[in-house]
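Nothing in this text is a laboratory measurement; each read-out follows from the coordinates by a stated rule. Note that the coordinates shown come from a computational prediction; the quantities given were computed from them, not determined experimentally. Here the Cβ is made from the backbone with ideal geometry for all residues, glycine too, and neighbour counts use every protein chain on show.
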Amino acid sequence: MITSTHAIIYADDADATRAFFRDVLGLANVDAHGGWLIFKLPPAELGIHPSGGAAQSGHHELYLMCDDINATVEDLEAKGVEFTSPVTDQGFGLLATLRVPGGGEIGLYQPKHPTAYDLPD
């Protein structure tokens, strides 16, 4: 039986990336061994999109979801987070992109569509 999801971010500077998720985003974590942190993520959902265009089969993306993207951007900017794209309305939701120190970029997403992350099992 599947019990959870384990996502991985490959980072050029894993220590900086771990510090960002621990200290800036404030995600709870456990030390698996020697500073190798594993973070508790918020509830999750999985969307399956067709490949084509910029996204080829096997391409995966990670978005952190929020209820109020403008307030979340403001809060994260006050903590020194760099946003690499402004909030844009994509019709299905509001999106922005933020830089993860040592770990590239991830999306921040306020959905306008029904969500699945809080459905009962």
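Looking at LEU76, LEU37 in this structure, which one is more than 18 Å from ALA96 (Cα to Cα) and touching a strand residue (DSSP E or B) at 6+ places or on another chain (Cβ under 8 Å)? Step through it out loud before you land on a result.
Working: LEU76 fails: more than 18 Å from ALA96 (Cα to Cα).
Every option except LEU37 fails the conditions.
Pairing each residue of the stretch 47-66 that is under 24 Å from GLY103 (Cα atoms) with any residue that is hydroxyl-bearing (Ser, Thr, Tyr) and surrounded by 10 or more Cβ atoms within 10 Å (Cβ to Cβ), provided the two are 6+ apart or on different chains, yields C-beta distances under 6 Å for SER57/SER51; TYR63/TYR109; MET65/TYR109; CYS66/THR72. On the given criteria, is ALA19 among the hydrophobic types (A, V, I, L, M, F, W, C) and in contact (Cβ under 8 Å) with a residue 12 or more places away in the chain? In short, yes. When ALA44 is tested against (1) assigned to a loop (DSSP other than H, G, I, E, B); (2) touching a residue at least 40 places away in the same chain (Cβ under 8 Å); (3) hydrophobic (A, V, I, L, M, F, W, C); (4) surrounded by 14 or more Cβ atoms within 10 Å (Cβ to Cβ), exactly one condition is not met: (4). Considering only the stretch 87-121, how many residues are among the aliphatic types (A, V, I, L, M), touching an Asp or Glu at 6+ places or on another chain (Cβ under 9 Å) and either buried (at least 18 other Cβ atoms within 10 Å of the Cβ) or in a strand (DSSP E or B) (or both)? Within the stretch 87-121, residues that are among the aliphatic types (A, V, I, L, M), touching an Asp or Glu at 6+ places or on another chain (Cβ under 9 Å) and either buried (at least 18 other Cβ atoms within 10 Å of the Cβ) or in a strand (DSSP E or B) (or both) number 3.
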